[in-house]
Amino acid sequence: MGNAFRLLYGICCKPSTTGDSDSVGPPYTTTAPGVSALAHDLFNFEITSQVPEDLSQHVVSSRKAQVKWYGKLLQAWKEAKPPPKTPEEVARLIVETLSGHRRADVEGLLEFYDLPRPSILEEISTGAPTRLPEGVKSEMHTLPVDGNTVPDGDGLNVYVNTDDPRESSNIPRAVLMAAVQRSKARAKKNYARADELREKIIESGYQVIDFQNEEILARKYRIRLRGIDAPEMSMPFGKEAKEELAKLVHGKCLRVLAYGEDQYGRCVADIYCNGIFAQEVMLKKGLAWHYVAYDRRVEFATWQKEARAKRTGLWVQSNPEKPWEWRKKNKQ
C-alpha cells in the first residue's frame, strides 16, 4: 500500500481502545467520520477491488463504473502531497478526480460519506466565476487524458465534456446536428455514414468519445503549459520530457487554468493533476526551462535553480542549449 495512503489511514482510522471486541468490523475513533469511512473503503478496495455494497442507493451509474471511480480515487489519494485529512480536502479531491463524471454520481458519493459540497462542484455545474489566480480567464476540467497523444514536454491534447454548461452553450449548430445524425446512422447500422459524420465532427474541433459505456460529445483543446519550455524532441532530454509529462497525465482528469491563447491557437494554461502542479514537476525534474520571457513567477525560478544545483535531468549537461535559442537557430 502506498505510503501516503497508509499515513492517512493511520491518522483517520486509529483503533479505539474502548471498542467492543464483538462488534462487526474494527472500531475507529476520528473527528471526521466521513474521511475515515472513505479511507477504510479505499483500504478495503485496494485489497479486494470491492466497493461498498449500499453505494448504489446513492448514485446512478453501474457497479462497474463505481469500481473505476474507486480506482481513480485510490490513485489520487496516494499521489496527493500532503494527503487530504479534513472533510473539505477529501470532498475537493473527490470532485476534482471525478470531474468528468456525472454530477449526480459525484453528489451521491459526497452524500454517501456525509462530506460537504465544495464550491468547485458549483463551479463545474454552473460555470459561475470564482476566485481564480490573477490573470486566469477560465477553468476547465477534462475527461481522462490519453498519454499517447502528448506531443512533447510542454504540450497536451485534452477533451472537455460538452455537458459542462460552459461548453454546452458554445457548441456550433453544425456539430450538434452532425452528432444527432451520426447517432441515427449508427442506429440504422449505416456505419459508413456514421464514420463520415464523425470526421466532420473532428474537423470542427470536437470528438465523440466512449466514456463509461456511453458516447460523449467532447471539445478538443490543445494546451501549452504556461511558464515552462521543454527541450524540443530533437534536443537532448526532449524525449524524456515528453515521456514524463505523458506518465503524469495519462488516464487522469485534469484541472486547467487558462490564461489565454498563444499565436498557434493553443490554450496557455496551468495544469493540475490530482492536485499536483505539472509545471512544478517538470521544472524540479530538470525536464524544462523556466520560460522567463513569458512568466516571472518566483517559484518557477526557484524550482529550476534547485534542479540545476542537483544536476537533475538536462542539467547534467555543462551548458545545455535553451529551447527558444535552438528554435531560432533551426527555424526554416
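The values are calculated or read from the model by the stated rules, or taken from the named source; none is laboratory data. Keep in mind that what you see is a predicted model, and the values were worked out from it rather than measured. So basically every Cβ, Gly included, is an ideal-geometry build from the backbone, and we count neighbours across all protein chains shown. For the accessible areas, the whole protein counts, side chains as well, though only heavy atoms, and no ligand, DNA or RNA atoms are used. Shrake-Rupley method; radii C 1.70, N 1.55, O 1.52, S 1.80 Å.
Using the Cα centre as the reference, give the magnitude of the dipole from point charges on the C-beta atoms of the range 215-270 (Lys, Arg: +1; Asp, Glu: -1; all else neutral), rounded to the nearest 20 debye.
On the way: 11 positive and 9 negative charges, 45 e Å.
Roughly 220 debye for the range 215-270.
So how far apart, in nm, are the two label points at VAL292 and SER168 if each is 7 Å from Cα heading toward Cβ?
4.8 nm
Pop the C-beta distance of LEU176 and ALA104 into the FRET formula with R0 = 35 Å and round what comes out to the nearest 0.05.
Numbers: r = 23 Å, r/R0 = 0.66.
Computed FRET efficiency for LEU176 and ALA104 comes out at 0.95.
Multiply the residue separation of HIS250 and GLU53 by 0.36 nm, subtract the distance between their alpha-carbon atoms, and state the gained length in nm to one decimal.
In short, 68.0 nm is gained.
Among PRO151, PRO82, PRO133, determine the one that fluctuates most according to a GNM of the chain built with springs between C-alpha atoms less than 10 Å apart.
With Cα springs under 10 Å in the chain, the top fluctuation among PRO151, PRO82, PRO133 is at PRO133.
With a 1.4 Å probe and all protein chains left in place, how much of the accessible area of the chain comes from carbon and sulfur atoms, in whole percent?
Of all accessible area on the chain, carbon and sulfur atoms account for 50 percent.
Label LYS239 and GLN317 with points 7 Å out from Cα along Cα→Cβ: what is the distance between them in nm?
1.5 nm
May I ask you to order 315-322, 102-109 by the average number of other C-beta atoms within 10 Å around their residues, highest value first? It would help to have the intermediate numbers written out before the result.
Values: 315-322: 12.1, 102-109: 17.9.
Per-residue mean Cβ counts within 10 Å order the peptides as 102-109, 315-322.
Can you tell me the FRET efficiency between GLU214 and LYS329 if r is taken as the Cβ-Cβ distance and R0 is 35 Å, rounded to the nearest 0.05?
Calculated value: 0.10.
Rounded, prolate or oblate: which fits the range 64-122, taking a ≥ b ≥ c as square roots of the Cα gyration tensor eigenvalues, rounded meaning a/c under 1.5, else prolate when a/b beats b/c?
Here the range 64-122 falls in the oblate category.
How large is the charge dipole for the chain, taken about the Cα centre, if only the Cβ atoms of Lys, Arg (+1) and Asp, Glu (-1) carry charge, to the nearest 20 debye?
With Lys and Arg at +1 and Asp and Glu at -1, about 1240 debye.
Relative to the present Cα-Cα distance, how much length would full extension add between GLU280 and LYS310 at 0.36 nm per residue of separation?
That pair, GLU280 and LYS310, stretches by 9.3 nm at full extension.
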